[in-house]
Amino acid sequence: MSSRLHDRDRGTLIGLDMGSTATESNDTLLGNGVVGILAETCNMWERRAPLTPSHCARLLLGGGNRTRVNRIIVQPSTKRIHHDAQYEDAGCEISEDLSECGLIIGIKQPKLEMILPDRAYAFFSHTHKAQKENMPLLDKILEERVSLFDYELIVGDDGKRSLAFGKFAGRAGLIDFLHGLGQRYLSLGYSTPFLSLGQSHMYPSLAAAKAAVIAVGEEIATFGLPSGICPIVFVFTGVGNVSQGAQEIFKLLPHTFVDAEKLPEISAAWNLSKQSQSTKRVFQLYGCVVTSRDMVSHKDPTRHFDKADYYAHPEHYAPVFHERIAPYASVIVNCMYWERRFPRLLSIDQLQQLMKSGCPLVGICDITCDIGGSIEFVDKSTSIEKPFFRYDPSNNSYHDDMEDDGVICLAVDILPTEFSKEASQHFGNILSKFVASLASMKQLVELPSYLRRACIAHDGRLTSLYEYIPRMRKTMIDLAPAKANPSPDKKYSTLVSLSGHLFDKFLINEALDIIEAAGGSFQLVRCEVGQSIDDTSYSELEVGADDTATLDKIVDSLTSLANAHGGDHDARKETELALKIGKVNECGTGDTVDKEGPKVLILGAGRVCRPAAQFLASYPNICSYGVDDNNTDQIHVIVASLYQKDAEEIVEGIKNATATQLDVADIGSLSDLVSQLKKHMVTASYVDESMSNLKQAAKGAGVTILCEMGLDPGIDHMMSMKMIDEAHARNGKVKAFTSFCGGLPSPAAANNPLAYKFSWNPAGAVRSGKNPAVYKFLGETIHVDGSSLYESAKRLRLPELPAFALEHLPNRNSLIYGDLYGISKEASTIYRATLRYEGFSKIMATLSKIGFFDAANHPLLQDTNRPTYKGFLDELLNANNISTTTTNLNIEASGGYDDELIARILSLGHCKEDIAVKTVKTIKFLGLHEEIQIPKDCSSAFDVICQRMEQRMAYGHNEQDMVLLHHEVEVEYPDGRPTEKHQATLLEFGKVENGGSTTTAMALTVGVPAAIGALLLLENKVQTKGVIRPLEPEIYIPALEMLESSGIKLSERVEI
């Protein structure tokens, strides 16, 4: 199909070659009031109908003058849920021939031979996103000058799809799975009430199916379930229509829903119960609904989950579902939308490890039927007649029976048709409201706007909203990650990233119009299409032009488009289109990765990457600690990210750096890279079990994986080992080791009552205040419970930094560092702590005791009638006992309100008066006293305070952060020399660069050490192979020297 030319000045379409004339036929049947209903032919189980006989009767009996439907002709079908005779009784005609019909409707796509010319059709076409497999259908539609209306595009005033079957899929899917679950338990030796339940299609109605489920529930409530298979925990992923439908069925059984964090407690309690009462029966099931915040965690341990950040940068997050949720699940009901760029819910390797550790998982109910998607081992769909397969992770094999080892999997892709009667009734109730307009339509302008927007093609042409489709078809490349991105056939190019409601709001069409109207060209590099009206889409376009002026014009126009649809936070208006522009490249003259000399690949595009790239690209000029003269080749840095735009932002202005797009999910496992590519690697991350398992593979490949090469861990390791090794070299014995480290606002930026600020969502930092800790002090092992961590804070003053009023809290397990540093047997004190400004912990402890850090859903926040922040604060303080609930105080001006808050906090016994005063100041600073409604996405007190902290405690423009690291090593000598206290201190502030951008101190002190590690490996200065930390002199001596040369200063002194 050739493309068309768009004449903007005249507003017409010219030069469209569709294989037939594009003029309107004189014998068109559009608007003749005759409706045809197709017989569904796509699947033997498809029994739904777009209209039921009752809908047809109302349309016909209402009279042609009122409903504008004169006749309805139904194609005969012996499998449709409603018999042909029922349609005849309703006044319909039964005929294979629909040639007299002006409007023909169905559910699924019809066969191509059923597309008749010059008519209107309505069905789910799956063409508006240029889906490759359905383009022949679209070609046929255009060839026959058909008006195509797609149900998926009929959207109500609330922005949601009017016609959908999601809840029916969830209902049918869970019933089918319960049916199979009974068989699976029987094969494992347990008889359960589930065995009596049939599949959804075996019942004459949804009500009958529900009655059968209720009967199963009554039997469970009366006679119980065998304790050997309990607790039975159903985990539901997602909260959309599909999940709601599945939960609707689950709730017919005796059940209790629990939060994700309670799953370990339930498992532990049942394990104890099983040991004492093997014959005990269990009378309920457990349900748990999880969302993306339960499935992933940020790779930066100082940051916590942020939904917007996760959707924009999923590469910043690591999967944790297999650690936090799956170990306790009996059944995973998968109802969530997933894209390839997101971490998987459960991989084959993860399942294998889970089953080895005794995971109770019995089966997967994959209602999404996302083959090879979020659940990796669900690699094929199943059918209604054979809904299950068994996957055995021990040998990665698939079976059609229910016996032997493994998990059963359901993945039926046509579930709603199992409740064909109710699904058809639901669908027809809505569709029948539109049929009259469609049946009488001769020109699109006659239709209401919501139906015009749903029309993809009319009179042999794509309608204006869908003119992007042929352009996408023409330029679309294989969207699997490529070795290199294609460039348009123009001299200058740039990468344009568009995200938002590109297709459902038709903004992609406007963007492509802008490019073509200016004489530019484009190629689609990447496209992730949202699967529902609530999901955003993402596209990357390589945009080209013959000169920079044209390219600038295109960029300016696209920016204006984005600004017009950029949303309004204050008005709570959603951002419909976001835009990012990459750097301009002159084709054929830009940087390439094929340069001579050493190369370093940086994976990711987070904040620490730019300092690392700058350091490496500036070598050897940046360092002068004694580099070999014959090894001073310029290093070329390649920054790779899932989205090239992010990588381009990192390398902007760095001469010897190149950005590229890379999806690490497609390059195999880390062990494969180590054994096959034999490349060294540096990371700032901790050595966890998965990394430790690579030790032998790395040694065998002759490569070094240098881990914990950042700040903490990293610089702290190197400072510690330098001091300890020097003490041992002088026959000294380490008597005490203490380490303090913290990321803080600079004094000028510490301008709020807590003297603390967040670069990211604060939930992670707040949660860390509940972590238990253990350390050794004067020979005694001290355990600190997480609930009292803030109360354990101690005052700290550093003589060399007298202006800093600090405090410290114990940081998790300090004892493991005694083993790492080789001082466990000699040191009577081993203590590592987190630094804060003095007063922080007492205020946080008081806020915690008030209840602000409680993550459980709060009843007051579950109502649609949202409370105000003040009302919620009063609730937490049990304000019915104080006058703030009965008097109308001017909260902004009244000191009396402050006094009452202080008195109430003191009466609860949480703190002393000075801390109560500071806590009230903090409450007012955060706006927790304001008469403003709490947003709907806050469901707990923890959500409320994190939301306010994120808004009120973020770094402002040009504000600097600060990193402070301080070590003290007390050394005693056996020969009578006096005991020495060795101290080392690092104090680093964020840098404000030209142009006003800020590089944080945290990014510098993490990124530069990692770059130094890479440089040492390039120069073969590290001889040890395998997985290592920077604990040996071959690493820490040159690394600390290079840190100083780069401007990161460490001061040392000795006290006697």
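The values are calculated or read from the model by the stated rules, or taken from the named source; none is laboratory data. Being a predicted model, the structure only gives us computed values, none of them experimental. Here the Cβ positions follow ideal geometry from the backbone for every residue, glycine too, while neighbour counts run over all protein chains shown. Heavy atoms of the whole protein, side chains included, go into the accessibility calculation; ligands, DNA and RNA do not. Shrake-Rupley method; radii C 1.70, N 1.55, O 1.52, S 1.80 Å.
Some notes on this structure:
- Computed extension length for Lys380-Phe223: 52.8 nm, one decimal, from 0.36 nm per residue of separation with the Cα-Cα distance subtracted.
- A simple spin-label model places the labels of Lys991 and Glu800 2.2 nm from each other, with each point 7 Å out along Cα-to-Cβ.
- For Lys735, distant residues with modelled amide H under 5 Å away: Glu970, Val971, Glu972
- Long-range amide H partners of Cys335 with built H, under 5 Å: Thr237
- With the whole protein complex present, Ser99 retains an accessible surface near 40 Å², based on a 1.4 Å probe.
- Summed side-chain charge close to Ala169 - residues other than Ala169 whose Cβ falls under 13 Å, Lys, Arg +1, Asp, Glu -1: -4
- Modelled FRET efficiency - R0 30 Å, Ser824 with Val320, Cβ distances, 0.05 increments: 0.45
- Label-point gap, in nm, between Ser464 and Ile932 - each point 7 angstrom along Cα→Cβ: 4.0 nm
- Length added when fully stretched, Glu1032-Ser54, from 0.36 nm per residue minus Cα-Cα: 343.9 nm
- For segment 167-377: lysine pairs under 15 Å (alpha-carbon distance), excluding those fewer than 8 apart on one chain: 4
- Net charge contributed by nearby residues that have their C-beta within less than 14 Å of Ala423 (K/R +1, D/E -1): +3
- Area projected by the alpha carbon convex hull of segment 159-249, averaged over all directions, nm²: 6.8 nm²
- The alpha-carbon positions of segment 70-146 define a convex hull whose volume is 102 Å³ per residue.
- Other residues within the sphere of radius under 12 Å centred on the Cβ of Met114, judged by their own Cβ, net out at -1 (K and R +1, D and E -1).
- Extension reserve of the Ser99-Ser1045 stretch, reckoned as 0.36 nm per residue once the Cα distance is removed: 332.2 nm
- Cross-link partners of Lys825 among lysines, defined as those whose alpha carbon lies under 27 angstrom from its own and excluding same-chain residues fewer than eight positions apart: Lys695, Lys722, Lys733, Lys735, Lys776, Lys794, Lys981.
- Cα-based reach from Lys918 at 16 Å (exclusive), listing lysines while leaving out same-chain residues under 8 positions away: Lys842, Lys849
- The Arg1053 and Asn813 beta-carbon pair, evaluated with R₀ = 45 Å, returns a calculated FRET efficiency of approximately 0.95.
- Protection proxy ranking, highest mean first, for peptides 986-992, 783-789, 453-459, 165-171: 165-171, 453-459, 986-992, 783-789, where packing is the per-residue count of other beta-carbon atoms within 10 Å, averaged.
- Gyration tensor verdict on segment 167-377 (Cα atoms; rounded if a/c is under 1.5, prolate if a/b is larger than b/c, oblate otherwise): oblate
- Accessible area of Glu143 (1.4 Å probe, protein heavy atoms only, ligands and nucleic acids ignored): about 80 Å².
- Here r is the Cβ-Cβ distance between Arg767 and Asp546 and R0 is 45 Å; the resulting FRET efficiency, rounded to 0.05, is 0.25.
- The alpha-carbon of Lys553 sits under 16 angstrom from the alpha-carbons of these lysines, leaving out residues fewer than 8 places away in its chain: Lys490, Lys491, Lys580, Lys583.
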